[in-house]
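The structure appears right after this line, and notes come after that.
Quick note: the coordinates plus some simple rules give every number you see, no bench work behind them. Note that the structure is predicted; figures quoted are calculated from it, not measured. Don't worry about glycine lacking a Cβ; one is built from the backbone with ideal geometry, like all the others, and counts go over all protein chains shown.
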Amino acid sequence: MFYEAAFGWTFTDYGPEYRAFSDGRLTGGFYHSEHQSKTSSGAALVIIYADDLEKSRDTVVANDGTIIKDIFSFPGGRRFQFADPNGNELAVWSEK
């Protein structure tokens, strides 16, 4: 799965419609849907923190993620936005 390979998350399935994840510090989950989460349709932008932004970008791409906005600076750090293999839009940021 993309998130296991790209971010090292572990998963627990709770039936066919929900899958929980953990990165060892935070937990969350994915609900099965035919829709995609995109900022262009009003969805919230989920942002993941990384110490090494370039390495994270390269790992996302190596695991079939698509870069939507390459690394750029903003007040508070730098980030990039990507789509996972299912078309959901997320971002990764770093203070460095």
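How many nm separate the modelled label positions at S73 and Y31, each set 7 Å beyond the Cα in the direction of the Cβ?
4.0
If each of A44 and M1 carries a label point 7 Å out from its Cα toward its Cβ, how far apart are those two points in nm?
2.0
What is the dipole size for the chain, taken about its Cα centre, with +1 at each Lys and Arg Cβ and -1 at each Asp and Glu Cβ, in debye to the nearest 20?
Value, rounded to 20: 320 debye.
Would you compute, from DSSP H runs of 4+ residues alone, the mean residue ellipticity of the chain at 222 nm, taking -39500 (n - 2.57) per run and dividing by the full residue count, rounded to the nearest 500?
-4500 deg cm²/dmol
Specify which residue in the list M1, F11, Q81 is farthest towards the positive end of the charge dipole of the chain, using unit charges on the beta carbon of Lys, Arg (+1) and Asp, Glu (-1), about the Cα centre.
Highest projection toward the positive end goes to Q81.
In nm, to one decimal, how far is the N86 label point from the K55 one, both placed 7 Å along Cα→Cβ?
Each label point lies 7 Å from its Cα, and together they span 2.7 nm.
In a GNM of the chain with a 10 Å cut-off on Cα contacts, which of R19, R57, R78 has the highest mean-square fluctuation?
R19
In degrees from 0 to 90, rounded to the nearest 10, what is the angle of the helix 53-62 Cα long axis to the longest principal axis of the chain?
50
Suppose R0 equals 35 Å. What FRET efficiency, 1/(1 + (r/R0)^6) with r the Cβ-Cβ distance, do D64 and Y18 give to the nearest 0.05?
FRET efficiency, D64 to Y18: 0.95.
Once amide H atoms are built 1.01 Å from N in the peptide plane, which residues 5 or more positions from K38, or in another chain, come under 5 Å H to H?
Counting only residues 5 or more places away or on other chains, the set is A43, E89.
Output the relative contact order of the range 4-51, whole-number percent, from Cα pairs under 8 angstrom with separation of 6+ residues.
With pairs under 8 Å counted, the relative contact order is 21 percent.
For each of E34, E95, count neighbouring Cβ atoms within 10 Å of the residue's Cβ, then give the residues from fewest to most.
Placing the least packed residue first, the sequence is E34, E95.
In Å and from the alpha-carbon atoms only, list the Rg and Dmax of the chain.
Considering the chain through its Cα atoms, Rg and Dmax are 13.4, 41 Å.
Net charge near F11: determine it from the other residues with C-beta under 15 Å of the C-beta of F11, scoring Lys and Arg +1 and Asp and Glu -1.
Result for the local shell: -4.
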